[in-house]
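Worksheet: one structure, shown below.
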Amino acid sequence: LQNFDVFIVSDDAAGGKLDYLINFTILGWVNMTGNGILISSGADGCDNNPVITKGHGISEDTDNDLSFYIGINASTRKMCFDMEATTSANNPVLSTTTFDNGELHHFAAVYNGSTSMIYVDGILESSLAWAGTPTINDSHDIGIGRSCNHQTCNNGAFNGTIDEIAIFNRSLTT
């Protein structure tokens, strides 16, 4: 995807759902070319250019909470991986790598059932162990380059290239 294109995935299109409560991995390549349109993951979360999301900060209740949110902050250029607990608490994890314009980086966002982790170019950069149950919000589609809620996928926009996104229903690390 390049420069404000959007790709939308219904996570039950193949007849099954990703099991966010156990563990998962989302990975891909990104190359920012400029600031896009920011969208927030919610209170105490991230305010980013969306890379791949399943929801965003609408209101703090389980009907609107996000399942996951991966984006790049416009000012710090750090990647943020956020998940929301059923208590509506955000749990952001930030990269240490700066995603400058024109630089291609590989990322992996991992949740292993108790810890959120973010890898950049194969290196674990940050992790957060947290208690609680992640929100599973089936009313949100998965948006690549945009953020989807239960009504639309016309929220935020990534300016750059997003490539080879893969979602696994398991943690690819220990």
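Scanning the stretch 88-105 for residues that are part of a loop (DSSP other than H, G, I, E, B), open to solvent by less than 30 Å² (accessible area, probe 1.4 Å) and modelled with pLDDT under 90, we see that the one that is nearest to I167 (Cα to Cα) is N91. Here the stretch 106-121 is the region considered, the condition is being free of Cβ contacts under 8 Å to residues at least 40 places away in the same chain and in a strand (DSSP E or B), and the residue that is farthest from the chain's Cα centre (by Cα) is T115.
Does at least one position in the stretch 76-87 carry a residue that is modelled with pLDDT under 65, surrounded by fewer than 23 Cβ atoms within 10 Å (Cβ to Cβ) and under 29 Å from N101 (Cβ atoms)?
Step one: of the stretch 76-87, the residues modelled with pLDDT under 65 are none.
Checked the stretch 76-87: no residue is modelled with pLDDT under 65, surrounded by fewer than 23 Cβ atoms within 10 Å (Cβ to Cβ) and under 29 Å from N101 (Cβ atoms).
Close Cβ contacts (under 6 Å, 6 or more residues apart or on different chains) running from residues in the stretch 88-105 that are in contact (Cβ under 8 Å) with a residue 24 or more places away in the chain and more than 10 Å from N31 (Cβ to Cβ) to residues that are surrounded by 18 or more Cβ atoms within 10 Å (Cβ to Cβ) and of a type in the set (A, V, I, L, M) comprise N91/M83; V93/I118; S95/M79; S95/I118; S95/V120; T97/V120. Residues that are surrounded by fewer than 16 Cβ atoms within 10 Å (Cβ to Cβ) and at pLDDT 70 or above do occur in the stretch 26-33, at least one of them.
The values are calculated or read from the model by the stated rules, or taken from the named source; none is laboratory data. Since we're looking at a predicted model, the values are computed, not measured. Cβ: placed from backbone, ideal geometry, glycine included. Neighbour counts: every protein chain shown. Quick note on the areas: whole protein, heavy atoms, side chains included, nothing else; ligands and nucleic acids left out. Shrake-Rupley method; radii C 1.70, N 1.55, O 1.52, S 1.80 Å.
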